[in-house]
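For reference, the structure discussed in these notes is given below.
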Amino acid sequence: MRGKRLGFSMAALLVIAGLLVVVAAVGYSMYFGNSSATPGDPKFERFKTAYATVRAGVACQLQMAPDGEAIFVSSLNNGTASDPSSRIGMLVEAGFLDCPTTQVENEKGEPLSFRLYDTGDQAALAGLPDLNKKLQRLHVRVSATEFDIDEKLGKGATLEKVWDSVKTLNP
């Protein structure tokens, strides 16, 4: 007769090893993330805040201004906040935004300005309430580039992925 064995079976050791691999994989992805934009990155945090503030400024102008259509006047251009004849400049002039809110920095510390671009695309927005149509018509773009933040987000990108592209742009 065999003596009593002490220890773990091979199956138990394999289960424990498998659990350790799963814990290590989850911990690695949570610690290092899937993007170079870490939650503590101040430039990324500034980008998120500035983008949200610009979108909120547009919504406020559309809801509260006596003439909510003023932002769609064709004489306004797609320039930056320093240009009073631009859409975003009009929001600064009207008090819906302040000028520093419309700028972020790339990874080199160079300033990038937000611009508002009127897509004029009403056909694709059929079925939405009027305010939503107006909000969706205006896209936020970056500096002199044609990089369209709202287009990327509309195609399923996250703000982290958008930031990965924005931070490499030149003014």
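The values are calculated or read from the model by the stated rules, or taken from the named source; none is laboratory data. Computed from a predicted structure; not experimentally measured. Cβ placement follows ideal geometry from the backbone for every residue including glycine, while neighbour counts extend to all protein chains displayed.
Structure above, values below:
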read-out: Selection count where residues are surrounded by fewer than 17 Cβ atoms within 10 Å (Cβ to Cβ) and not basic (Lys, Arg), scope segment 42-52; value: 4
read-out: Hits in segment 132-155 (condition: of a type in the set (Ser, Thr, Tyr) and either surrounded by 16 or more Cβ atoms within 10 Å (Cβ to Cβ) or under 12 Å from the mean Cα position of the chain (by Cα) (or both)); value: SER143
read-out: Every residue from segment 132-171 that is hydrophobic (A, V, I, L, M, F, W, C), outside any helix (DSSP H, G or I) and touching a residue at least 12 places away in the same chain (Cβ under 8 Å); value: LEU138, VAL140, VAL142, ALA144, PHE147, LEU169
read-out: Residue pairs meeting the criteria (Cβ under 9 Å; at least 6 apart or on separate chains; first closer than 19 Å to ASP118 by Cβ and of a type in the set (D, E, K, R), in segment 38-67; second surrounded by 15 or more Cβ atoms within 10 Å (Cβ to Cβ) and modelled with pLDDT under 85); value: ARG55/LEU135; ARG55/LEU138
read-out: Positions within segment 1-33 being surrounded by fewer than 10 Cβ atoms within 10 Å (Cβ to Cβ), of a type outside the set (A, V, I, L, M) and either at pLDDT 80 or above or within 27 Å of the chain's Cα centre (by Cα) (or both), in sequence order; value: SER9, TYR31
